[in-house]
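Read-outs throughout are calculated quantities, based only on the coordinates presented, and are distinct from any laboratory measurement. The structure displayed is predicted, hence computed values, not measured ones. Glycine also receives a Cβ, built like all others from the backbone with ideal geometry; neighbour counts cover every protein chain displayed.
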Amino acid sequence: MQYLKREGLIAPNEIDSDSDAVPLDFTRLSSRQIGSVHSRFAVRHAHAIFVAAKRASSLTMLKRDLRLAQAKYRFKNSKKYKTKYELDDAMVMEDEISALLDTITKVEAELAVITAIALGYEDYRNAASREMFRRSNEVAPKD
């Protein structure tokens, strides 16, 4: 979870319940408190989307590097192996390709966590938005 701290993302298990409590019932909050929750989670959501986009772009570059390394390996070693399957098995054991595969797996896992955090932030933001909308449409009864 160090990568989350490096990127400035707050995972739900890291939120101190005393300092940043999020109420489950927004109807009991004042309009100012709802606006505060909405603003806080809108900013967190936007930042999480930005971090996810950076991870997705680095994942794309890593996959490109992997394809290039695999192509080079195939070109250099295609005559050593009788079948394509033997070549593919040997290719996975090569240090550069193995390292790229490990890094891709790690970045994909990080991207999945960051995306889930972004969706959580979005849910809180949307809930606050719905409550603000509901309150703005309430009209006092006329006599």
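Distance between the pseudo-spin-label points of GLU86 and ARG32 (7 Å out from Cα toward the beta carbon): 7.7 nm. Only helices enter the 222 nm calculation for the chain: every DSSP H run of n ≥ 4 contributes -39,500 (n - 2.57), and dividing by all residues gives -26500 deg cm²/dmol, rounded to 500. Between the beta carbons of LYS79 and GLU108, assuming R0 = 35 Å, the FRET efficiency works out to 0.55 to the nearest 0.05.
Here the label points at MET93 and ASP65, each 7 Å from Cα along the C-beta direction, are separated by 2.4 nm in the simple model.
Treating each Cα of the stretch 31-137 as an identical point scatterer and summing with the Debye formula, the log10 of I(q)/I(0) at q = 0.21, 0.23 Å⁻¹ comes to -1.00, -1.09.
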